[in-house]
Structures are given as C-alpha cells and as structure tokens.
Amino acid sequence: VKPCHICADNAAQDDGTEPWAIARLSTGYVRLNPNQYFPGACFFLTKSCVHELHDLTRAMRDAHLAEMAEVASAIFEVFAPRKLNYEALGNGAPHLHWWLTPRYATDPRPIGPIWEDLEFLRAQWTSGCRPDDAERDLRRSRLLTALASRPVTIEQAFR
Ligand SMILES: [Zn+2]
C-alpha cells in the first residue's frame, strides 16, 4: 500500500514543521495551497484518511462540511474574489481534501474550471507561483485571523 502523503503532511502540521499550515479545526486541517496562482487558494483536509465524503459518519460529515464552508467564508473575506470554487477530487491523493480556490475578475479564463487554464497547470507541474516566505506567512496570518472570528473550533493555530 502506498503511504498517504496527506496523512504525512497532517502529521507534519501537528509537529509544527508544515510551512503552509494555517490551523487545525475539529474535523480537518487548513493549509495554504503552495501554488498561489490564484491568490488565497487553500486546502481543507480531513483528519481521518477517508477517501469519500460518504465514508464519514453523518455527524462528522455535517461538521466537516460546516467547517469547510467557514474556511471558504474566511478566504472570501480576506481575498474578495469574484467567485469561489469548491472541489474534492482525490484522483491522485484519495485522502478527502477540498480545493478552495478564489477566482478573480482578472482571471484569464473566468468561466472555465481552473484545470482549463494552462498557466495554472504549468505552475502546478513546475511548482511555480510559490510566494516568498514573507508573503506566504502574511496570507496564512490573515486567513487565521479571519477564521478566528468565525464559529469554528481552532484546535491548533500555526503562526
Ligand atoms: Zn491519508
């Protein structure tokens, strides 16, 4: 069985060694997407290594979706996009995780999914669009502040 890199990244976040970490909530981990082609893009990743949303108990699923919406709302407040995209894909890494991606008026392909934007894909494939440490930390900090004003339990904050 291939080890799950999302479980490994979650463990690194608990250890304080995950540089993109923002917070651990009751059902999952919030991280800035290292590919900041769409500024403010984040991941929300479940604590447990389930592969499908329906693998969570109903109570856990409802709590997870509610938290996911609060993370989305925090991104929206901080980055003021035109639209926010929610995707749970998991074809490469099945551990349930959400791509929360702000879309802007300046978006070169505003109507299509992010996967139709070749410049985004280039950044994805080449580890491009990485902000420097100061900009990464500024974005993490602003998102953490926005999360802290919402009805979520922040079990651990990463500053
Ligand atoms: Zn996993």
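The C-beta contact set for segment 1-27 (first residue closer than 21 Å to ARG136 by Cα and away from the ligand (no atom under 16 Å from the Cβ), second residue of a type in the set (Gly, Ala, Ser) and not in a loop (DSSP other than H, G, I, E, B), distance under 7 angstrom, 6+ apart or interchain) comprises ALA23/ALA157.
Report, by residue number, each residue of segment 53-109 that is in a helix (DSSP H, G or I) and basic (Lys, Arg). Break it down into steps so the answer makes sense when it comes.
Step one: list which residues in segment 53-109 are in a helix (DSSP H, G or I), which gives 53-55, 58-79.
If the condition is that a residue be in a helix (DSSP H, G or I) and basic (Lys, Arg), then ARG58, ARG61 are the ones that fit.
Whether any residue in segment 38-58 is touching a helix residue (DSSP H, G or I) at 6+ places or on another chain (Cβ under 9 Å), of a type outside the set (Gly, Ala, Ser) and more than 25 Å from ALA12 (Cβ to Cβ) is what I want to check. Yes, segment 38-58 contains a residue that is touching a helix residue (DSSP H, G or I) at 6+ places or on another chain (Cβ under 9 Å), of a type outside the set (Gly, Ala, Ser) and more than 25 Å from ALA12 (Cβ to Cβ).
If the condition is being among the aromatic types (Phe, Trp, Tyr) and in contact with a Phe, Trp or Tyr (Cβ under 7 Å, 6 or more places away or on another chain), then segment 66-88 contributes only TYR86.
Take the conditions (1) within 23 Å of PRO131 (Cβ to Cβ); (2) away from the ligand (no atom under 16 Å from the Cβ); (3) surrounded by 14 or more Cβ atoms within 10 Å (Cβ to Cβ); MET68 misses just one of them, which is (1).
Scanning segment 110-127 for residues that are in contact (Cβ under 8 Å) with a residue 24 or more places away in the chain and either under 17 Å from the mean Cα position of the chain (by Cα) or assigned to a helix (DSSP H, G or I) (or both) gives PRO113, ILE114, GLU119, PHE120, ALA123, GLN124, SER127.
If you check SER141 against the conditions, is it over 24 Å from GLU70 (Cβ atoms) and either at pLDDT 95 or above or in contact with a Gly (Cβ under 9 Å, 6 or more places away or on another chain) (or both)?
Details: over 24 Å from GLU70 (Cβ atoms): no; either at pLDDT 95 or above or in contact with a Gly (Cβ under 9 Å, 6 or more places away or on another chain) (or both): yes.
Judged against the criteria, SER141 is not a match.
Looking at segment 131-138, can you tell me whether even one residue there is more than 16 Å from the ligand (Cβ to nearest atom), of a type outside the set (Val, Ile, Thr), over 14 Å from the mean Cα position of the chain (by Cα) and farther than 15 Å from ARG31 by Cα? First the steps, then the outcome.
Step one: filter segment 131-138 for residues more than 16 Å from the ligand (Cβ to nearest atom), giving 131-138.
This time we only want the ones that are of a type outside the set (Val, Ile, Thr), so: 131-138.
Next, only the ones that are over 14 Å from the mean Cα position of the chain (by Cα) stay: 131-135, 137-138.
Filter once more, so that each one left must be farther than 15 Å from ARG31 by Cα: 132, 134.
Yes, that holds for at least one residue.
Out of curiosity, is PRO34 assigned to a loop (DSSP other than H, G, I, E, B), away from the ligand (no atom under 16 Å from the Cβ), modelled with pLDDT of 95 or more and not charged (D, E, K, R)? Yes; evaluated as a whole, the condition is true for this residue.
The values are calculated or read from the model by the stated rules, or taken from the named source; none is laboratory data. In this text, all values refer to a predicted model and were calculated from it rather than measured experimentally. Because the Cβ atoms are built from the backbone with ideal geometry, glycine has one as well, and the counts that use them run over all protein chains shown.
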